[in-house]
Amino acid sequence: MGLRTADETPRGRKDNEGPTSQADCLSTREGRLYIDELDTVELAARFGTPLFVLSETQLRRNVRRFRAAFAAEWEGPVDVMPAFKANTTLASRRVLTDEGAGADVYSPGELEGVLSTPVDRARVSVNGGGKSRDYLAHCVHEGVRITVEDVDEIDLIQAVAAEQDRKAKIRLRVKPTVPNLWRPTDFSQLTLPIDLAIQVYKSGIPPEFLVEMGRRAIAAPNIDMVGLHVHQGRHHASLWFWEGLMSRFGKLAGELVAAWDGWQPQEIDIGGGWPSPRDPLNEELPRSEFVLTALGFPLLAGLRGLGARLYHRALAGLVPVLSSHRFRATPPSIEQYAATSVRTLRRELQAARVSTAGVRLQIEPGRSMYGDAGIHLARVKTVKRQSQPFPYAWVLTDTTTFFLAGGHFERSRFRHVVANKADRPVAMTADLVGHSCFADQIVLGARLPEVVPGDVIALLETGAYQESSASNFNALPRPATVMVCGDQADVVRRAETVEDVYRRDLTPSRMHRFQGAHSDPVAMEIQS
Ligand SMILES: *Cc1c(COP(=O)(O)O)cnc(C)c1O
């Protein structure tokens, strides 16, 4: 049986933008949530909670689907180069390497992780600004693609490549101006238009430097400039966004090719930024947050004038409304994104007389590669309720938003399933919270079946950015990751211990003679 979470009321889903029936590693069987062929309740018991679970089959399916979708639209070769930062478990990376995928990396540590698998170096793109001389030398030595971000990077690459008597392969990461992208970005809580958000984001070379940089790179004896790169991330889930971005990128590419007389790209990398099927980004706050703040606060302030009893009665009515939630439309399918992105890009390139024959099209999906391959399991510790001054309920779990930090930054609202009660009807509304001392709101106003301590909650779509951004707040040891494949399950990243949490700490030797608080401070002073 397919999966529908309690939140996904048909009213909240507009299925007009694309099919929702993508192959899914999740299913419910006799009231239990399954991932691949495994009962998640049993996984929670066997490996402990909290726990990240990744499906190898889903990962493989995702790579193949991305490759097929873009290959169906693009005449040349297609390279799938998933963003490693989204999930840095080496086992998942081995699976992707086994599928022939390249990688987008952003740091020396990420590069090391990716190169620890037998990946094709020509399909590894090293992104990011401020790359050090040593790092660039390492990149040249390893033969990976350097995606240039800084104006002075060209000279540095030429210098280190000359020292090694090698030719560095580079691409320029460009930042087109996109005045056509006028809708609000999902990355900001403010109602900020996408073009402004892209302008203030640090990455990408501003157009004013590109012509000169390209000429310098083409003339450099130890540099082979092989392509262009653009990445802006998931500002908007619509096909409209991809049409808008690709048209401006294609135009800019055409202008550059004209200015660099005769230069032809061998690679065009359009980055990542496609949503995963149950796209959780920016759903914790409604789009009307700004209006709610502007109107809601004065309203609440005014209601206080009614006296405490009426004020609390008004809150009792308002709170469920404020925490109620409607999911946005299901995002388009990968095939639809591929069709829109590729057709728009080709149209602009052809208009500028840039040949696309034999050009490699590269894509760097992060969230959409790993997101739906992962779930997070947590166990209910307590259920807490109040009736005064107004009713409220919390389901306290043994995980924390600090283990789901990527989602917290992006105000993601994760679909959730009570794994051992997956077929029970909704019976309560409560905030699903974590056990750190923060408010630790994982899902506000979650609609749940009747929940008791010991139940297992599954948060969906947590394969990307969550585990890789987890922190140790409250000295909480970070959870393990288990990878499943069919009916097999293996720990691929072990859970931390409390000892791990303090492993980097050093107490200077002069502190060894410090006394405990129970010793007499006056006596200590006399001694010293
Ligand atoms: C983060 C990143 C990606 C992946 O972005 P998603 O939104 O996760 O698809 C791709 N390319 C670069 C350069 C990135 O920094």
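The values are calculated or read from the model by the stated rules, or taken from the named source; none is laboratory data. Please read these numbers as outputs of a predicted model, since none were measured by experiment. All Cβ positions, glycine included, derive from the backbone under ideal geometry; neighbour counts span all protein chains shown. Accessible surface is based on the protein model in full, side chains and every heavy atom, while ligands, DNA and RNA are left aside. Shrake-Rupley method; radii C 1.70, N 1.55, O 1.52, S 1.80 Å.
Remarks
- Using θ = phi - 60° in the Karplus curve 6.51 cos²θ - 1.76 cosθ + 1.60, the 3J(HN,Hα) couplings for the range 429-442 round to 10, 8, 7, 7, 10, x, 9, 7, 7, 5, 4, 6, 7, 7 Hz; x is entered for Gly and Pro.
- Among the chymotrypsin sites (Phe, Trp or Tyr not before Pro) within the range 157-249, those in coil by DSSP and having at most 12 neighbouring Cβ atoms inside 10 Å are Trp182.
- For the pair Ala258 and Ser355 in one chain, pulling the backbone fully straight at 0.36 nm per residue adds 33.7 nm over the alpha carbon distance.
- With all pairs of different C-alpha atoms in the average, the Kirkwood value for the hydrodynamic radius of the range 421-502 is 15.3 Å.
- Antiparallel DSSP beta bridges within the chain, as percent of all bridges there, nearest 5: 50
- By the helix-only formula, in which each DSSP H run with n ≥ 4 contributes -39500 (n - 2.57) and the sum is divided by residues, the chain has a 222 nm mean residue ellipticity of -10000 deg cm²/dmol.
- For the range 131-140, Karplus couplings with θ = phi - 60° (6.51, -1.76, 1.60), whole Hz, Gly/Pro x: 5, 7, 4, 4, 5, 4, 4, 5, 4, 4
- Close amide-amide hydrogen proximity is noted between Val148 and Arg171, Leu172, Arg173, each under 5 Å apart and 5 or more residues distant or on a separate chain (H modeled in the peptide plane; Pro and chain starts excluded).
- A cut-off of 5 Å between modelled amide H atoms, ignoring neighbours fewer than 5 places along the same chain, links Gly233 with Gly272.
- Linear extension gain, Asp423 paired with Arg121, 0.36 nm per residue minus alpha-carbon span: 104.0 nm
- The chain: relative contact order in percent, alpha carbon pairs under 8 Å with at least 6 residues between: 21
- Nearby lysines by direct alpha-carbon distance to Lys381 (threshold 21 angstrom, same-chain neighbours under 8 apart not counted): Lys421
- Residue by residue, the range 165-178 carries 3J(HN,Hα) couplings of 6, 10, 10, 7, 9, 10, 9, 9, 8, 9, 10, x, 7, 10 Hz when phi is fed to the Karplus relation 6.51 cos²θ - 1.76 cosθ + 1.60 (θ = phi - 60°); x denotes Gly or Pro.
- Under 5 Å between amide hydrogens, built in the peptide plane, is the criterion, and for Ile457 it picks out Ala378, Arg379, Val380, Ala419 among residues at least 5 positions away or on other chains.
- Stretching the chain fully between Leu310 and Val498 yields a gain of 62.9 nm (0.36 nm per residue, less the alpha carbon separation).
- All other residues whose Cβ lies under 10 angstrom from that of Val178 are scored, Lys and Arg at +1 and Asp and Glu at -1, for a net of +1.
- Taking every C-alpha pair closer than 8 Å and separated by at least 6 residues, the mean separation divided by the residue count of the range 330-428 gives a relative contact order of 12 percent.
- With the simple spin-label model, which puts each label point 7 Å out from Cα in the Cβ direction, the Asp155 to Ala301 separation comes to 5.5 nm.
- Listed cross-link partners Lys85/Lys251; Lys85/Lys169; Lys131/Lys167; Lys131/Lys202; Lys169/Lys251 are compared with a 26 Å cut-off, the Cα-Cα value being larger for Lys85/Lys251.
- For the chain, with all protein chains in place and a probe radius of 1.4 Å, 55% of the accessible heavy-atom surface sits on carbon or sulfur.
- Using a probe of 1.4 angstrom and keeping all protein chains present, the accessible surface of the range 251-388 works out to 45 square angstrom per residue.
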